[in-house]
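Every read-out reported here was derived from the displayed coordinates using simple, explicitly stated rules and does not represent laboratory data. Because the structure is a prediction, the values reported are computed rather than measured. Cβ placement follows ideal geometry from the backbone for every residue including glycine, while neighbour counts extend to all protein chains displayed.
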Amino acid sequence: MAREPPPSARGGPMPGAIDWPAVHAEGLDILLRYLRIDTSNPPGNEAPAARFLGGLLEAEGIACEYIETEPGREVLVARVPGDGSKRPLMLANHTDVVPVEAEYWDVPPFEGVVRDGRIYGRGAVDMKGCAVMQLLAVLLAKRQRLRLRRDLMFCAVPDEEQGSDAGMVWLVEHRPDVLDVEYQLNEGGGGQPEFAGRAARLFNIAITEKRMAPIVLTAVGTPGHASRPHDDNSAVRLAEAIVKLARWDRGIAVTEGTRDVLVRLRDAGLLDSLDGPALEAAVRSSPDTQAAFQNTLNVTVINSGYKNNVIPARSEAIVDCRLLPGQDHHDWLRQVREVLDGTGVEARLQHENPAPAVSSTDTELYALLEAVVKEAFEDAVVVPSTSTVGTDSRFLRPLGVHAYGFIPCLLSQEERDGFHANNEFLSVENLNMGVELMYEVVRRFCA
């Protein structure tokens, strides 16, 4: 099954006299310029990005507020007022990106390169591309003079990649008025053109996310001179423990929520069985799918030693762990300790995070997201999902905001593999699709 072009390219009904090819060109130009603003975090320095996006909005008469959370770091808040008959919708995104190791990229990561229909650059999928989709939805709502029932807000925050203390958390603590909204759209969900090797138009709308439970591993040995044989090296002990964790087969877990998703996939012809080897193979066919059915762990930081000729007395590693809904982080720590039993390596939680809240699927916005997708693609399968990554939505759901993760395009496996990786890219086709579908959601939900 081939991927269909965006609605306008198929001749489908679109509101108003919008010149979509011109809008597509505008979106590409904005994204390329945005990608050239290096907002690697650390250190962040996202204020230029906020001013860039804000300048585009202000040029069309949309009022913007710039909120400094730390020197060089700003939140951008823009608002197109509605008549107040319904509460606001916020389109939220983050301006920071993770750092790069440029020597391993095939293209310059901060030059915004278009090659073979792909837009390369750090942040293309995470999440400057989605921000441009949201930005153009706001600009088009203004240009089309939509009569809005609710305020339409655009909120671009810094520091999402480092825990959000200078971003969304700061707003929660210091400017809760900005977050007085009924609905929010952010990253965390989206579409994919295949499932378990079968062509599909599968869209995930994230209603919650996995619980972060990072663990610190500590090995203590006996220091000594590196010129002599040594059988109590903390680095070796830590390495052996890391390998043991990496080889730990945790199987897959079918929870109440994921079983409902599996039933929908089976009914859509994308899954042959709800259990047994067929299910196991389908779930393990993609790292994205596997992460949705398994507690994950990955070693991300290792610290050991301070001099080449001194055997280190202490070695530590940080293990990034993401738990499925309903999983207790203390029970998870117990399981990790059982695996490490006999290695002499200690494990502790780096910090404790609350269990993520869940947004209802029985809302006006969720129903509209599903309707817009199914109208654009007749064979689309839409399912509620648990985001396998952390997003700023986790700070809004406890406030009572209906927050959903939804990037309205069909990201290939290659594009999904680009999150936090080398050669990150978003296809021009997906950018165009996202621009059109995001505007359609805004038009029908707010106007």
For a label point 7 Å from the Cα of residue 259 along Cα→C-beta, name the residues of segment 272-289 whose backbone N is under 15 Å from it. 274-276
Name the residues whose placed amide hydrogens come within less than 5 Å of the amide hydrogen of residue 97, ignoring near sequence neighbours (fewer than 5 apart) on the same chain. 39, 40, 41
Would you mind listing how long segment 342-447 runs along its three principal axes, going by Cα atoms, in whole Å with the largest first? 59, 37, 22
Under 5 Å between amide H atoms, partner at least 5 residues away or on a different chain: which partners does residue 87 have, H built in plane at 1.01 Å? none
Extended-chain gain in nm, criterion 0.36 nm per residue less alpha-carbon gap, residue 363 and residue 334: 6.6 nm
Quick check: residue separation of residue 231 and residue 29 times 0.36 nm, minus the Cα distance between them. What number comes out in nm? 66.8 nm
Burial ranking of peptide ranges 162-169, 413-420 (average Cβ count within 10 Å, highest at the top): 162-169, 413-420
Using the beta-carbon distance between residue 87 and residue 145 and R0 = 30 Å, what value does 1/(1 + (r/R0)^6) give for FRET efficiency, to the nearest 0.05? 0.90
Starting from the Cα gyration tensor of segment 167-285, take the square roots of the eigenvalues, sort them a ≥ b ≥ c, and report rounded, prolate or oblate (rounded when a/c is under 1.5, otherwise prolate if a/b is larger than b/c, else oblate). oblate
Can you give the local net charge around residue 232? Use residues other than it whose beta-carbon is closer than 15 angstrom to its beta-carbon, Lys and Arg +1, Asp and Glu -1. +1
What is the spin-label model distance, in nm, from residue 371 to residue 244 if the labels are put 7 Å beyond Cα along the C-beta direction? 5.6 nm
Quantify how much of the Cα-Cα distance distribution of segment 114-239 extends past 21 Å, in percent. 67 percent
Among beta bridges assigned by DSSP with both residues in segment 213-349, the antiparallel ones amount in percent, to the nearest 5, to 100 percent
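When you count, for each residue, the other Cβ atoms within 10 Å and take the mean per peptide, how do 180-186, 68-74 rank with the highest first?
Sorting 180-186, 68-74 by mean packing, highest first, produces 180-186, 68-74.
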Global size of segment 213-349 as Cα Rg and Dmax, reported in angstrom: 19.3, 65
Euclidean distance between Cα centres, segment 63-114 to segment 132-170, Å: 8 Å
Per residue of segment 159-168, what does 6.51 cos²θ - 1.76 cosθ + 1.60 with θ = phi - 60° give for ³J(HN,Hα)? Whole Hz please, x for Gly and Pro, Karplus curve as stated. 6, 5, 6, 10, x, 6, 4, 9, x, 5
Could you check the simple spin-label distance between residue 58 and residue 414, using points 7 Å along Cα→Cβ, in nm with one decimal? 3.9 nm
Taking the dipole of the chain about the Cα centre (Lys, Arg +1; Asp, Glu -1; charges at Cβ), the one of 84, 285, 230 that reaches farthest to the positive side is 84
Within segment 230-272, the residues whose backbone N lies under 15 Å from a label point placed 7 Å from the Cα of residue 355 along the Cα-to-Cβ direction are 255-258
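Direction-averaged shadow area of the convex hull around the Cα atoms of the chain, nm²?
Averaged projected area of the chain's Cα convex hull equals 22.8 nm².
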When 103, 429 are ranked with the fewest other C-beta atoms within 10 Å first, the list becomes 103, 429
Expressed in nanometres to one decimal, the distance between label points 7 Å along Cα→Cβ at residue 101 and residue 165 is 2.6 nm
Just want to confirm a number: the relative contact order over the chain, from Cα pairs under 8 angstrom separated by 6+ residues, in percent. 25 percent
Lysine pairs with alpha-carbon atoms under 27 Å apart, the chain, spacing 8 or more or separate chains: 9
